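J.: Please see the structure below; I have some questions.
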């Protein structure tokens, strides 16, 4: 039997290496062993880039193991406008649900962080860019009301492209609804910690994301309302270096602290202890 050629041998070796063992950092392009990256909370060990992660993975990072109890998990989005762009909105929803395994772009529930019970809402950029539609707004409003009714601290992690255009005015209404719920929560003396991940933009920034008693942001997260190109074209001026980054907003007083993903549990628990909630 003839010996395999170099090309045949190489192909055979490559086939023995499973897919998904390695990944590349989108910032520094370093090739990273996948398990090492996951152990580092999906933060690049070379350049410290905080990669975007799903809501469920963020909950695993944030909460004490096995303590998350979901709220309103079966609430499903509808298509009240019969919206169609390149495809019907309802088809886009079903396709995204099938690919992601999620019903919509936020997870809400109760859990513990270092033994402190709280209510959490975590947005999921992997579901239609974390856009805020009626279900996202309703779930968040209900989790805010749950925190109010049970006198629990509230943490919302924002990671979103903004309001969901396919729901038009129904989406924009969520800005007022969530903000009103937060006002009632504040009147009751509740503690709200807002965490801004990359990106936090549009109607999410213009509502609940910036209403925290304490606002944390992950390093280098993009935070803003309109995009920098739109702003530059509107004001016809060059924008400062680092415009709309978490670091820029911290200097301007819009963000209280930049917090590395590995330190977030500790910082949240300290704020809860300090507030006495």
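The values are calculated or read from the model by the stated rules, or taken from the named source; none is laboratory data. Fair warning: this is a prediction, and the values are worked out from it, not measured in the lab. Backbone-built Cβ (ideal geometry, glycine too); neighbour counts: all protein chains shown.
J.: If you go through the range 76-96, how many residues are touching a residue at least 40 places away in the same chain (Cβ under 8 Å) and either in contact with a strand residue (DSSP E or B) (Cβ under 6 Å, 6 or more places away or on another chain) or over 17 Å from residue 168 (Cβ atoms) (or both)?
T.: Result for the range 76-96: 1.
J.: Just need a number here: residues in the range 88-114 that are in a loop (DSSP other than H, G, I, E, B) and in contact with a helix residue (DSSP H, G or I) (Cβ under 8 Å, 6 or more places away or on another chain).
T.: 5
J.: Right, something else. Report, ordered by the first and then the second residue, all pairs with beta carbons closer than 7 Å, sequence separation of six or more or different chains, a first member in the range 43-60 that is modelled with pLDDT of 95 or more, and a second member that is assigned to a helix (DSSP H, G or I) and crowded, with 20+ Cβ neighbours inside 10 Å.
T.: 43/261; 50/261
Let's see how each residue does on (1) surrounded by fewer than 16 Cβ atoms within 10 Å (Cβ to Cβ); (2) in the same structural domain as residue 47 (by TED's automatic domain parsing); (3) in contact with a helix residue (DSSP H, G or I) (Cβ under 6 Å, 6 or more places away or on another chain); (4) on the phi > 0 side of the Ramachandran plot:
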site: 187; (1), (2), (3), (4): yes, no, no, no
site: 200; (1), (2), (3), (4): no, no, yes, no
site: 203; (1), (2), (3), (4): no, no, yes, no
site: 210; (1), (2), (3), (4): no, no, no, no
site: 215; (1), (2), (3), (4): no, no, no, no
site: 245; (1), (2), (3), (4): no, no, no, no
site: 260; (1), (2), (3), (4): yes, no, no, no
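J.: Also: Scan (1) surrounded by 15 or more Cβ atoms within 10 Å (Cβ to Cβ); (2) closer than 24 Å to residue 112 by Cα for the single condition residue 224 breaks and write down its number.
T.: The one condition residue 224 does not meet is (2).
J.: On to the next question. Across the range 157-175, what is the total count of residues that are over 17 Å from residue 224 (Cα atoms) and crowded, with 24+ Cβ neighbours inside 10 Å?
T.: Taking the range 157-175 first, the residues over 17 Å from residue 224 (Cα atoms) are 165-171, 173-174.
Then keep just the ones that are crowded, with 24+ Cβ neighbours inside 10 Å; that gives 167, 174.
Total meeting the criteria: 2.
Okay, residues lined up against (1) assigned by TED's automatic domain parsing to the domain that holds residue 99; (2) surrounded by 11 or more Cβ atoms within 10 Å (Cβ to Cβ):
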position	(1), (2)
19	no, no
29	no, no
40	no, yes
59	yes, yes
